[in-house]
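Read through the structure below, which is laid out as structure tokens, and then see the notes.
The values are calculated or read from the model by the stated rules, or taken from the named source; none is laboratory data. Small disclaimer: the values here were computed from a predicted structure and weren't measured. Using ideal geometry, Cβ is built from the backbone for each residue, glycine included, and neighbour counts are taken over all protein chains shown.
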Amino acid sequence: MAKIPGPPSFDGLKRRMARHRAENPPRKKDHFVRETYCLGLLDARAKAREWFDEYPKAAYWTEVESWRQLDGDHIEFTMRRLPTAD
């Protein structure tokens, strides 16, 4: 009976990604203002609501760009908006 190979190693991919990031530092590709927060769940909701109240989505394209749940009921999230409304 043939042996089934295990999952592939990601070492090569990790090295290529690290080299690419080192050779190509991040460039500002857009004009959005971003802020990242790490808050408890209720405080995170309040902070996001504060952004949406102060910078309405229709005028500033405000949105929660990314978020992840951390240990201890904390949320790390990035808010994004345009610097000014047209």
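Set side by side, the residues A22, A44 differ, and just one is surrounded by 11 or more Cβ atoms within 10 Å (Cβ to Cβ) and either in a helix (DSSP H, G or I) or over 17 Å from the mean Cα position of the chain (by Cα) (or both), which is A44. Taken together, the criteria exclude R34 from residues that are surrounded by 10 or more Cβ atoms within 10 Å (Cβ to Cβ) and either more than 20 Å from the chain's Cα centre (by Cα) or modelled with pLDDT under 90 (or both). Return yes or no: is T78 within 12 Å of V33 (Cα to Cα), touching a residue at least 40 places away in the same chain (Cβ under 8 Å) and among the hydroxyl-bearing types (S, T, Y)? Yes: the conditions hold for T78.
Residue count for the stretch 61-86, restricted to those that are touching a strand residue (DSSP E or B) at 6+ places or on another chain (Cβ under 6 Å), aromatic (F, W, Y) and either surrounded by fewer than 16 Cβ atoms within 10 Å (Cβ to Cβ) or at pLDDT below 95 (or both): 1.
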